[in-house]
Every structure is written in C-alpha cells, then in structure tokens.
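The values are calculated or read from the model by the stated rules, or taken from the named source; none is laboratory data. The structure presented is a predicted model; accordingly, all values stated were derived computationally and were not measured. Reconstructed Cβ throughout: ideal geometry from the backbone, glycine too, with neighbour counts over all protein chains shown. With ligands, DNA and RNA removed, areas are computed over all heavy atoms of the protein, side chains included. Shrake-Rupley method; radii C 1.70, N 1.55, O 1.52, S 1.80 Å.
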Amino acid sequence: MDERDVAQIAMKASGVARTGLMLKVGLVGGVLFLVALLLLGALAPAPSAKAATTCEDTGPGTGITVADLNTPATGSVHAQQLANAKIIDKVAKKLHLPGRATLIALMTAMQESTLQNLNYGHGDSIGLFQQQPSSKWGTRDQIMDPAFATESFFQGRGGNEGLLNIPNWQTLPPGDVAQKVQKSAYPDLYAGHETTVRKLAKEAGIDLGRAGSSTGTPTTAAAQPTDGAASGDTPSNCGTRTPTDPTSGKAEKFSDGKASWTLINPRSTNDALAWARAHAGANSTNSWHALCLAFVAQVYGWSQSGVQYAIDHYKAVPPEMRHDKDRNPPPGALLYWDTHHRAGHIAVYLGNGQIASNDIKRNGYIDIVSADAPEKLWRATYVGWTPPYFPKGS
C-alpha cells in the first residue's frame, strides 16, 4: 500500500462522516449548478464541424475524419472489430495487396489493440497498431484514423518499415512479418491470433485467399479507368504517372463566357454530371471518406487524378484556366476550398448553386449540397474554380 492508497482510504472515511450534512447542502447546490449549466448551454455557441484533414487521391495518408478522432468507435467490441477489419481489408485492396497482407495486418492489430481503435496505450502508443507520434508514425489525429494507420503499417512512414519493406514478406510466417514491422518485446504473440482473425475475416466477408501484388503496385487490369459504379475497394489510388490524353476520350469545348478551352476527358461534361448525380444521395456508397479528389477524377472517367492533394490540383491547372474567387462557374466546373489543412477540398459544380461532394451531409458518402456548404460547415475559404482539366490524369 503506497501513500496514494492511504490518502484515498482517509478521504472515503471522512466522506462517510460528512454524508448527512452534504446531502442537505448538495441538494441546494445541485439545483443551483443545474440552473447554471442550462444558462451556459443557452449562451454557448454551437460547435462547428471540421473539414476532413486530408482529401487526397494517392499514397499513404488517405482517410482522416470529420468527427472527433480521439473518440473510439462505438458499439460492442465485436462490432468494432468487424468494422476495423473491413477498413484494413479495404486499404489492402486499394494498394492492390493480396489477402495475405490483410491477414498479417489483422493478426497485428488483434495483438496490439484487440482490433479496436484505442486512443491510449503504452507511452504515446495509440490506434489499431499502437503506433507512436514520437516515432514519426504520424500525428495523433492521423494515427487515430484507421485507414491512415493501416497504410502506414503496409507502406511504412517516417523512417519506420512497413510490411512492403520486409523482404519475402509474402512467404514468411505471418507472425514473423508482424514482428519485423512492430518490433515488439513479445515477438511470439502475433502468431497466436491467426485462427481468431481468420474466423473474424470470414464473418466480415473478407477473402484472405485473394490474389494481389506483393509490391503493392497495381496490375495492368486494375489500373484501367472504370466507367462503372464507384467501388469502395478501388477508389482512385494514384502514384507518379506520366500525363496522358486518352485517344478514346471526348473532346469538347468548355467556356467561361469569355475564353474557351478544348478538353479531353473520358466522359463529356453532360455524361460526367449525370454520373455524379447517379452516384450521390441514396445511390452513394460509403467509400469516399476524405477522397474528394478521387471522386472528382472518377466523375470525369479518370481512374486517378495524378495529383495527391485537392488544393494542388488547382495549382496544376494552367493559370489562364483558374478563376480566383469567381462565384459564377459553369456546370461541370471544379470548385476548390482552402480548409486550413494541407489538402484542401474539391467538388464538382452541378449548376443551380449545387455541388456533388463527399463528407458534407454524411461522412464517407457523396451528397448534392449547396455550393457554399464547405464554408458554412467547415469555415473553409473559397479559392475559385477551373474547367474539368486533369493534366496528370490517367
């Protein structure tokens, strides 16, 4: 028993003696305190939502949230495990990794956090994989995003090795690969979770026997643009690409009323607007969290934009096409916002003061909303608009 234990016992003992008096005083005080809380609640300003801290189309770091990142997922432990397992598998598919990569990540997360997105751990360890901001795995908010943490586990970050940095990872025992990434003081514990996570994966509908690339690079088939419905398994995931003009694209004029440009996109403006509307609202899949640039690229038929961050796409467009602060874009234009984070935000203008955008009404979904919604909801700053030009799209 240390000094803190003695102090706590003494406090409890004295509390018993004061119980009668405190009940009387506490009743009056409690009423006054409740009135004060009600007054404060009426006067306090309503909280405002935050923009997604990343909104990108490539590389490690997709994800992040609109909600409080320090709040673990709700529901039973099993429900959280299933949800996080699906996120891990979605990231693996996005990186074109086989089911074995998902298996190793699930075993690792089960050991480190019981597959829960914990906002605490040993030292400053947090998240699914108990990564540490002090070890350059990312900021606290970034690590608390399951997609970001999973990409870090697969690809490495801040000088830390990821699964893809481990030679022969695809043939080594899964527990050994997990240990090489995590460098745990208890290296033998990962292997013991294989049976459990295989059962969990089956329940979650995850194919651990799925084929894929051992280097995390897309196959030729996977890299082709798709005109089908957006899939949560393959949101635009672009690396360094050579700018291309698709010979099968649709050349058309796009004008601001004064100047006009000939653009070549896989979809015409009218087809793109129809596609955006058809994949918004009730028809949207929950696969677009913080992927605004990926969505905009797919609206126009591109598999990938070729640019990492939304705000960087604005800079990639030639200056003569940029319309700084102009509030009168034509339908089909791309609108940009500074969200006071690195990535910014981009959306497709549908006309009549509306945009198709992710994460506005619902986190991860595409909805049709007012064109000033990012400013009202996120306090973002409107930057301007450009024609739907994708100089690095492929």
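Output the peptides 373-383, 277-287, 126-136 sorted from most to least packed, where packing is the average of other Cβ atoms within 10 Å over each peptide's residues.
Numbers: 373-383: 18.2, 277-287: 15.5, 126-136: 21.7.
Going by the mean number of other Cβ atoms within 10 Å, highest first, we get 126-136, 373-383, 277-287.
Treating each Cα of region 70-158 as an identical point scatterer and ignoring solvent, apply the Debye formula and state log10 I(q)/I(0) at q = 0.13 Å⁻¹.
Here the Debye-derived log intensity ratios amount to -0.35.
In square nanometres and to one decimal, what's the mean projected area of the convex hull around the Cα atoms of region 274-394? Intermediate values should be presented prior to the final figure.
Working: hull surface 26.2 nm².
For the Cα atoms of region 274-394, the hull's average projected area reads 6.5 nm².
Pairwise over distinct Cα atoms, reciprocal of the mean inverse distance: report the Kirkwood radius of region 251-339 in Å, one decimal place.
14.2
State which entries of LYS86/LYS136; LYS136/LYS199; LYS180/LYS315; LYS258/LYS392 exceed 29 angstrom in Cα-Cα distance in the structure shown.
Listed pairs above 29 Å: LYS136/LYS199; LYS180/LYS315.
Hand me the trypsin sites (Lys or Arg not before Pro) from region 301-348 located in a DSSP loop with no more than 13 other Cβ atoms within 10 Å, in residue order please.
On the way: sites: LYS315, ARG322, LYS325, ARG327, ARG342; in loops: ARG322, LYS325, ARG327, ARG342.
Passing sites in region 301-348 are LYS325, ARG327.
Averaged over every viewing direction, what's the projected area of the C-alpha convex hull for region 106-149? Give it in nm², one decimal, please.
Result: a mean projected hull area of 2.6 nm².
When ligands, DNA and RNA are left out and all protein chains stay put, how many square angstrom of accessible area per residue does region 314-393 have with a 1.4 Å probe?
On the way: 3220 Å² over 80 residues.
Per residue, region 314-393 has 40 Å² of solvent-accessible surface.
Just by accessible area at a 1.4 angstrom probe, what is the order of TYR120, TYR365, TYR309, TYR190 from largest to smallest?
Solvent-accessible surface, decreasing: TYR120, TYR365, TYR309, TYR190.
Leaving out ligands, DNA and RNA, what percent of the accessible area of region 127-171 is carbon and sulfur, probe 1.4 Å?
With neighbouring chains kept in place, the figure for region 127-171 is 43 percent.
Kirkwood Rh, region 165-218, all Cα pairs: how many Å?
About 12.7 Å for region 165-218.
Take the cross-link list LYS253/LYS325; LYS94/LYS202; LYS94/LYS325 and give me the ones stretching past 27 Å between alpha-carbons. Present the calculation step by step, with values, prior to reporting the outcome.
Details: LYS253/LYS325 22 Å; LYS94/LYS202 20 Å; LYS94/LYS325 35 Å.
The answer is LYS94/LYS325.
What translational diffusion coefficient, to the nearest whole µm²/s, does region 332-394 have by Stokes-Einstein, given a Kirkwood radius computed over alpha-carbon pairs, a temperature of 20 °C and 1.002 mPa s viscosity?
Result for D is 178 µm²/s.
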